[in-house]
């Protein structure tokens, strides 16, 4: 009996304590923040914070910024020689000869005997990096060549990504027959040998007299028509996964148009993968342009690109052995550009990875 009384007393005490707590303890408002000093960080700020935390990303940005400043602002400062101006230390001999054609029209032909071209000159105050085999200033051609190489690479990657995003998005969203047709086209393009095909196209363009200043742009544009398959497969795979998500079902139930569902709701979710792929492709495209120029399919003298400037070592082995100032600087610029784009691509990939939230 005594034990029963003790248990009853304990239960009454527990009930009283519970009632007191329920009355005296203030209830927190669920809408009141726990800490007013805590500020939520936006996704963009989190992305930038993770990106700039990587030392390789910073190194890549510095490398590319240095190249852009060198190529576009360098010619403004270094104006000693024009890109197409050959340095001549002697006087050329001119002989005039009048030729009369069958139609009776007179043409004056100038026969120029070039003497003492300042070719393969060592670095000096007049030419900070010396001159090439044609007497052209290497530093000036390096700047203008960088403008062409970077511009062509950016244009080719942009066109390739645009084709891949559009075709991959359509294939992944519609599926069925449309998907099969686009993917079979991808399979056929991936089976083509790209480099021999570019050699054939370059020969055809050269035979038809395409202007030299537009030659490399047209060639890289045609290359983009064969290089969009990788981006298309990436976008298609992501959209096949995302199109079955709840927000896409809701968008379809609300009656949104198909282009709006694709380009406003699907592609923004694939954008991180697209940005990383484009960044990594820029380095590969610079190498491709340099390879085509090295094989003689790039721009012609007097125009310059980094690949064209190192083409001389394939024709004259003595320059490769004795004149590092001719082929070394463009080779170093190519390495810096490729490494810079790859470092930035790695940094973006880590920053956009949800598993890397530290």
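The values are calculated or read from the model by the stated rules, or taken from the named source; none is laboratory data. These numbers come from a predicted model, not from an experiment. Using ideal geometry, Cβ is built from the backbone for each residue, glycine included, and neighbour counts are taken over all protein chains shown.
A few points about this structure:
- Total residues in the stretch 243-294, condition within 27 Å of residue 157 (Cβ to Cβ), assigned to a loop (DSSP other than H, G, I, E, B) and out of contact with any helix residue (DSSP H, G or I) (no Cβ under 7 Å at 6 or more places or on another chain): 0
- Every residue from the stretch 46-62 that is assigned to a helix (DSSP H, G or I) and in contact with a helix residue (DSSP H, G or I) (Cβ under 7 Å, 6 or more places away or on another chain): 47, 50, 51, 52, 56, 57, 58, 59, 60, 61
- Here residue 274 fulfils each of the conditions (1) within 22 Å of residue 179 (Cα to Cα); (2) at pLDDT 80 or above; (3) surrounded by fewer than 15 Cβ atoms within 10 Å (Cβ to Cβ) apart from (3).
- Residue match in the stretch 298-314 (condition: buried (at least 19 other Cβ atoms within 10 Å of the Cβ), modelled with pLDDT of 80 or more, touching a helix residue (DSSP H, G or I) at 6+ places or on another chain (Cβ under 6 Å) and closer than 30 Å to residue 173 by Cα): no
- Only one of the numbered conditions (1) at pLDDT below 85; (2) surrounded by 17 or more Cβ atoms within 10 Å (Cβ to Cβ) is violated by residue 318, and that is (2).
- Test result for residue 239, closer than 22 Å to residue 185 by Cβ, surrounded by fewer than 20 Cβ atoms within 10 Å (Cβ to Cβ), at pLDDT 80 or above and out of contact with any strand residue (DSSP E or B) (no Cβ under 6 Å at 6 or more places or on another chain): no
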